[in-house]
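Report on the structure given below.
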Amino acid sequence: MLETSRQPVGRPISACLTAQVRTHDKWALLRDLTTVSEDFGLGHRTLSVLKALLTFWPERELPCEGAIVFPSNRVLSERLSGMPESTLRRHLSKLVESGIVSRHDSPNGKRYARRCGAEIGIAFGFDLSPLARHEAALARAVAENELRRERLAVRRARLGMLRQRLCESAAPCPALLEEARLLLRRKCSEAVLNEMIERLDAALPVMPKVEILPKVDTNTASAPAQMSASNSQNERHIQESDKSFSDSDSAQPTNDTQVESADAAEKDRLTLPQITETCREYQAFFPEKPRNWHELISMTQRLAPMMGIEAPVLHDAQRTMGPERAAAVLLCLLDRHSEIRKPGAYLRRLTQIARNGGFSVSSMLGALSRRATSGNCQLTI
C-alpha cells in the first residue's frame with residue numbers, strides 16, 4: 001500500500017541526468033577569453049559578436065554539447081547596435097576559424113530550428129559548445145598570461161632602477177638613457193626588456209669594494225661610549241658646543257684629533273645657532289627658533305612640501321648628507337627661494353654632488369652670511 005503522506009526522498013532522475021552533463025558559466029568563459037584574446041588572435045569587435053551570440057543562449061550555464069543558437073544576421077546586427085552585415089560576417093568567420101564556435105548549416109544556408117512537440121528536434125546555426133570545451137585551455141592560458149604579466153612588471157621595474165642609477169653615475173650615457181626612457185613608455189616584449197637591461201648593466205661603472213674597518217679608540221677607559229653615526233631614523237644627539245666655526249674647508253686636523261672623513265668633520269663643525277642666525281626666512285613660518293637638532297629637522301620636513309620638494313628627494317638628501325646637513329641646506333634654499341626656480345631639482349643635484357664628495361654645507365652657509373653682510377639677503381617669497 002502506497003503511503004501518500006510521505007514525501008519521496010532523494011533527487012528526481014531528470015536532475016541526476018542533467019548533473020552528468022558538463023556545463024560552464026558562459027560569462028566566466030567570455031571573461032577568460034577576453035583576458036587572453038591576443039593568444040587566440042581575437043579583437044574586441046570579434047569578442048563583441050561572441051557576446052551577442054551568447055545572449056541568445058537562454059541559460060547561464062553553457063553545456064559542452066548541443067548549445068546551438070540560430071539568430072539571423074539582421075537580429076544580430078540590431079543587438080550589436082547596427083553593425084554592418086559585411087563586418088558581422090567577417091567577425092563570425094573569425095570565430096569559426098579560431099575554433100571558438102562551429103557552424104551547423106542547413107541545406108539552404110538559413111538558420112532555423114524544427115520543433116518536435118515542446119522540444120527542439122533539430123537546429124541549424126552556430127554551436128557555442130566548443131567554447132565550453134575550451135575551458136581547461138582558457139584556464140591554462142589565463143594563468144600563463146598572469147605569470148607573463150608579472151615577469152614584465154619585474155623587468156620594467158629593474159629597467160627603471162638601472163636607468164636611475166645610470167643617471168646618478170659620474171659618466172651617464174644620454175643616448176642610452178633616452179632610449180631606455182622611450183622603451184618604458186611603450187608596450188614591448190620580455191626579450192626587448194632583457195636586452196636593454198643587459199646594455200644598462202654594461203654601461204654602469206664598476207663600484208669599488210670598500211672594506212669597512214672598525215674604529216679603534218685608544219681612550220676607551222676614560223671616554224664614554226659613543227653611538228654610531230648611521231643615517232637611520234633614530235639619529236644620535238649632537239651636543240651644541242662653543243667651538244669657533246671656520247669657513248675654510250682646508251683646515252688640517254691637530255695631532256690630538258683623529259683624522260676623519262670630510263663629511264663627518266664638516267658635520268661636527270656645524271652648530272645650531274650658526275644655522276639659525278645665518279638663515280632667517282624660516283621665521284616667517286616658524287617665529288620661534290628651534291631649541292635642538294630634532295626641532296630643526298622636524299621644521300624643515302614641514303617646510304619641504306611648501307617649497308615644492310617631494311618626500312623621496314628629501315629622504316635621499318637626508319641619507320646622503322645626514323639629517324642635520326640636509327636641514328641646513330633646506331634653510332639656505334628657503335633664503336634663496338626667489339632665485340631658484342625648481343628647489344626639488346636643485347636639492348637633487350646637490351645630493352648627487354654630495355654623494356661624490358664635492359659639496360660643502362659650510363661654504364653654502366658662508367656665502368649666505370656674506371650676502372647678508374652686504375645687504376642682499378633680504379629676499380621675498
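The values are calculated or read from the model by the stated rules, or taken from the named source; none is laboratory data. Keep in mind the model is a prediction, meaning the values are calculated, not measured. Here the Cβ positions follow ideal geometry from the backbone for every residue, glycine too, while neighbour counts run over all protein chains shown. Just so you know, the surface numbers come from the protein's heavy atoms only, side chains and all, with ligands and any DNA or RNA stripped out. Shrake-Rupley method; radii C 1.70, N 1.55, O 1.52, S 1.80 Å.
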Any chance you could count how many residues in region 35-91 are assigned to a loop (DSSP other than H, G, I, E, B) and either in contact with a Cys (Cβ under 7 Å, 6 or more places away or on another chain) or of a type in the set (Lys, Arg) (or both)?
-> 1
Pairs returned, first residue in region 38-59 that is under 19 Å from Met83 (Cβ atoms), second residue that is assigned to a loop (DSSP other than H, G, I, E, B), beta-carbon separation under 7 angstrom, 6 or more apart or interchain, are Ser48/Leu80; Val49/Leu80; Leu50/Ile100; Ala52/Leu80; Leu53/Val101; Leu53/Leu128; Leu54/Leu128; Phe56/Pro71
Given the residues Arg355, Arg348, which is the only one that is open to solvent by 30 Å² or more (accessible area, probe 1.4 Å), in contact (Cβ under 8 Å) with a residue 60 or more places away in the chain and closer than 28 Å to Pro205 by Cα?
-> Arg355
Consider Leu162 against the criteria (1) under 24 Å from Trp57 (Cβ atoms); (2) aliphatic (A, V, I, L, M); (3) under 19 Å from the mean Cα position of the chain (by Cα): it satisfies all of them except one. Which criterion is unmet?
-> (1)
Sort out which residues of region 21-34 are in contact with a Cys (Cβ under 9 Å, 6 or more places away or on another chain) and either among the β-branched types (Val, Ile, Thr) or open to solvent by less than 40 Å² (accessible area, probe 1.4 Å) (or both), and write them in order of number.
-> Val21, Thr23, His24
From the option list Ser102, Ser93, Ser81, single residue qualifying as surrounded by 13 or more Cβ atoms within 10 Å (Cβ to Cβ), under 46 Å from the mean Cα position of the chain (by Cα), at pLDDT 85 or above and not charged (D, E, K, R) is Ser102
Write out, first by first residue and then by second, each pair whose Cβ atoms fall under 8 Å of each other, whose residues are 6+ apart or on separate chains, and whose first residue, in region 172-183, is open to solvent by 80 Å² or more (accessible area, probe 1.4 Å) while the second is modelled with pLDDT under 85 and among the hydroxyl-bearing types (Ser, Thr, Tyr).
-> none
